[in-house]
Structures are given as structure tokens and as C-alpha cells.
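Read through the structure below, which is laid out as C-alpha cells, and then see the notes.
The values are calculated or read from the model by the stated rules, or taken from the named source; none is laboratory data. None of these values were measured; they are calculated from a predicted model. Cβ placement follows ideal geometry from the backbone for every residue including glycine, while neighbour counts extend to all protein chains displayed. Protein only, heavy atoms only, side chains kept; ligands, DNA and RNA dropped before computing areas. Shrake-Rupley method; radii C 1.70, N 1.55, O 1.52, S 1.80 Å.
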Amino acid sequence: MDCPRCHRTTISFRQWCRSPNAFRWVCPRCGVRLKAGGATWAWFVVALLLAIAVVAIVRQAELRGVIEPGSGRGYVGIGIVVMVLPVCGLAYRLGSYRTSD
């Protein structure tokens, strides 16, 4: 993501994925305080809904005997990586920061 003040890359994807960094950040280049823009929040909601859907699907599969009860944790992890991580990548590419001022 780019800083809205200095227009340079302000954060890497790995740093951005660390929980609060996606929503609050200080540009290391110009020192301006940044907060998530509307697009970032929208993508966060999409990722959250997908994560909830993954958990619900795995839970239903356990309850119906499709997968062994108690073994859903691995399936949730795989579902998160396959479905939610790409959405987070889109959020990073298409999201934005705005200044906190």
C-alpha cells in the first residue's frame, strides 16, 4: 500500500497482515499517521465473512459425519489458506490508507 502523503510504498504485505497494521500505521518515510480507508474495511468484512463460512461448513461436516468429529481444525486451516488468504491479498492490493488528521 502507498502512503497518501508521500505516495511511496509504506508497508509490505507481511507487515500489513499483522493484525493492527492493516488498520493503523505510521509511514516510515514521512512519519504521517495512517488509518484504513473504506476499501480496506470492505475487504476486511469480506474476509471475515469467508472465515465464518469456512468454520460453519467444517462444523456442519463434523456434525453430519462427513469428517471425523474433532478433526476439523486442519480443514479450517486449509479453508482459511485457500479462501481467505487470497482475499487478504486483494485487500492489500486494492485497499488504501488515509491520513489520521
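Based on this model, can you work out whether residue 67 counts as in a loop (DSSP other than H, G, I, E, B) and either open to solvent by less than 80 Å² (accessible area, probe 1.4 Å) or out of contact with any strand residue (DSSP E or B) (no Cβ under 6 Å at 6 or more places or on another chain) (or both)?
yes
Among the residues of region 70-101, which ones are buried (at least 16 other Cβ atoms within 10 Å of the Cβ) and in a helix (DSSP H, G or I)?
Once the filter is applied, which keeps residues that are buried (at least 16 other Cβ atoms within 10 Å of the Cβ) and in a helix (DSSP H, G or I), region 70-101 yields 72, 75, 79, 80, 84, 87, 88, 91, 92.
Of the numbered conditions (1) within 19 Å of residue 99 (Cα to Cα); (2) touching a residue at least 60 places away in the same chain (Cβ under 8 Å), residue 30 satisfies every one except a single condition; which is it?
(2)
When the residues of region 11-38 are narrowed to those that are closer than 28 Å to residue 81 by Cα, basic (Lys, Arg) and out of contact with any strand residue (DSSP E or B) (no Cβ under 6 Å at 6 or more places or on another chain), which ends up most open to solvent (accessible area, probe 1.4 Å)?
Selected residue: 14.
I'd like the full set of residues that are in a strand (DSSP E or B) and either in contact with a Ser or Thr (Cβ under 7 Å, 6 or more places away or on another chain) or among the basic types (Lys, Arg) (or both), limited to region 1-42.
2, 24, 25, 33, 34, 35
If you take the residues in region 1-10 that are in contact (Cβ under 8 Å) with a residue 40 or more places away in the chain and hydrophobic (A, V, I, L, M, F, W, C), which one is most open to solvent (accessible area, probe 1.4 Å)?
So the residue we want is 1.
Looking at 45, 58, which is the one that is surrounded by 12 or more Cβ atoms within 10 Å (Cβ to Cβ), modelled with pLDDT of 90 or more and either in a helix (DSSP H, G or I) or out of contact with any His (no Cβ under 7 Å at 6 or more places or on another chain) (or both)?
On inspection, the qualifying residue turns out to be 58.
Test of understanding: among 87, 66, 58, 32, which residue is aliphatic (A, V, I, L, M) and under 20 Å from the mean Cα position of the chain (by Cα)?
Only one candidate passes the filter, namely 87.
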